[in-house]
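The block underneath contains the structure these notes are about, expressed in structure tokens.
The values are calculated or read from the model by the stated rules, or taken from the named source; none is laboratory data. Quick caveat: nothing in here was measured; it's all calculated off a predicted structure. As a convention, Cβ positions derive from the backbone with ideal geometry for all residues, glycine included, and neighbour counts pool all protein chains shown. Heavy atoms of the whole protein, side chains included, go into the accessibility calculation; ligands, DNA and RNA do not. Shrake-Rupley method; radii C 1.70, N 1.55, O 1.52, S 1.80 Å.
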Amino acid sequence: SKEELLVQVMRSCLDEMITSGAAAMRISAEPTIQLAALVSSHVGFTATNPLTARVAEYEMRALSPDNRTAMQKLRDDYESLFAQVVERGIRVGDFSTDDATMARLALMEMGTGVAHWYRPDGRLTLIEVQHNFVAMACKILSANQTMLDGIDYIRPPVVVASEPTGTSVTISG
């Protein structure tokens, strides 16, 4: 059915975002490095999988209550990665913000927005966009960006099977 297809697309997207986000956080115990890795992972994923990311972001309302609950759980699991980094960074004194929830939401929306405008043949490369977004994330949280000097926190994003290539769409099962 159409809904089963939609659930497959959303699940593949959210599963990969959770996997990539968790891997990004494992590169260091330092909150600033974790933030950089997580933000760059989020931006890289949404830039590389723009159609799939937009479906996962906007089509939750099209799901039945049971499927909506299941997909919302996955979305919440992903958002919790950002919450953990932000909260820990504040707790250890690496970050400062008046509202941790608003900062987290700003970081996530900023990264998700890339799906709407990023083009591989655009003015900036994906890595340049990722570095710019990490710099902005550090400013939002008043993080010391010099902690990132010499750290390779950007990993190549995965293209999920649900992301169209050319004119055909492949859904993994």
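Could you tell me the relative contact order of the chain? Use alpha-carbon pairs under 8 Å, at least six residues apart, and round to a whole percent. Please report the intermediate quantities before stating the final value.
Working: 210 pairs, mean separation 64.9, N = 173.
Relative contact order for the chain comes out at 38 percent.
Leaving out ligands and nucleic acids, note down the accessible area per residue over segment 37-173 with a 1.4 angstrom probe, in whole Å².
Result: 53 Å² per residue.
Local charge for GLU4 was computed over the other residues whose Cβ lies under 15 Å away, with Lys and Arg +1 and Asp and Glu -1, and equals 0.
Any idea what diffusion coefficient the chain gets from Stokes-Einstein, in µm²/s, Kirkwood Rh on alpha carbon pairs, 37 °C, 0.692 mPa s?
Values: Rh = 16.5 Å.
Rounded to a whole number, D works out at 199 µm²/s.
Taking all protein chains in place and a 1.4 Å probe, what share, in percent, of the accessible surface of segment 92-141 do carbon and sulfur account for?
Numbers: 1580 of 2820 Å².
In segment 92-141, the share of accessible area belonging to carbon and sulfur is 56 percent.
Only Lys, Arg, Asp and Glu count, each charged at its Cβ (+1, +1, -1, -1), so figure out the dipole size of the chain about its Cα centre, rounded to 20 debye. Spell out each step's value before the answer.
Details: 15 positive and 21 negative charges, 27 e Å.
In debye, rounded to 20, the chain gives about 120.
3J(HN,Hα) along segment 32-38: 5, 5, 4, 4, 4, 5, 5 Hz, from the Karplus curve 6.51 cos²θ - 1.76 cosθ + 1.60 with θ = phi - 60°, whole Hz, x for Gly and Pro. Estimated purely from DSSP H runs of n ≥ 4, each contributing -39500 (n - 2.57), the mean residue ellipticity at 222 nm for the chain is -21000 deg cm²/dmol once divided by its residues. Using the Cα centre of the chain as origin and beta-carbon charges of +1 (Lys, Arg) and -1 (Asp, Glu), tell me which of GLY89, PRO164, LEU107 is placed farthest towards the positive end of the dipole. Ranked along the dipole, the leading option is PRO164.
The long axis of helix 100-112 is offset from the longest Cα principal axis of the chain by roughly 50 degrees.
Once both labels are positioned 7 Å from their Cα atoms along Cα-to-Cβ, the gap between THR19 and GLU4 label points is 2.2 nm. Considering only ILE27, LEU5, GLN72, and ranking their Cα positions along the charge dipole of the chain that arises from unit charges at the beta-carbon of Lys, Arg, Asp and Glu, the one farthest toward the positive end is LEU5.
Rounded to whole Å, give me the distance from the Cα center of segment 4-20 to that of segment 55-82. Measuring centre to centre over Cα atoms gives 9 Å. Remark: the Cα gyration tensor places segment 108-155 in the oblate category, a/c being 1.5 or greater and a/b not exceeding b/c.
Compare the peptides 128-138, 143-153, 29-39, 53-63 by average per-residue count of other Cβ atoms within 10 angstrom and give them in order, highest first. Write down the numbers at each step before the final one.
Working: 128-138: 19.1, 143-153: 13.5, 29-39: 23.9, 53-63: 16.1.
Top to bottom by mean Cβ count within 10 Å: 29-39, 128-138, 53-63, 143-153.
Applying 1/(1 + (r/R0)^6) with r as the Cβ-Cβ distance of ARG91 and THR125 and R0 = 30 angstrom yields a FRET efficiency of 0.30.
For LEU74, what charge total do you get from the other residues with a beta carbon under 14 Å from its beta carbon, if Lys and Arg give +1 and Asp and Glu give -1?
Numbers: positive: ARG11, ARG68, LYS73, ARG75; negative: ASP15, GLU16, GLU57, GLU59, ASP66, ASP76, ASP77, GLU79.
Counting the neighbours of LEU74, the net charge comes to -4.
For segment 53-115, what is Rg from Cα atoms divided by 2.2 N^0.38 Å, rounded to two decimals?
Numbers: Rg = 13.9 Å, N = 63, 2.2 N^0.38 = 10.6 Å.
Cα Rg divided by the expected 2.2 N^0.38 Å: 1.31.
Within segment 37-54, what residues put their amide N at less than 14 Å from the label point 7 Å along the Cα-to-Cβ vector of THR165? Answer for segment 37-54: 49.
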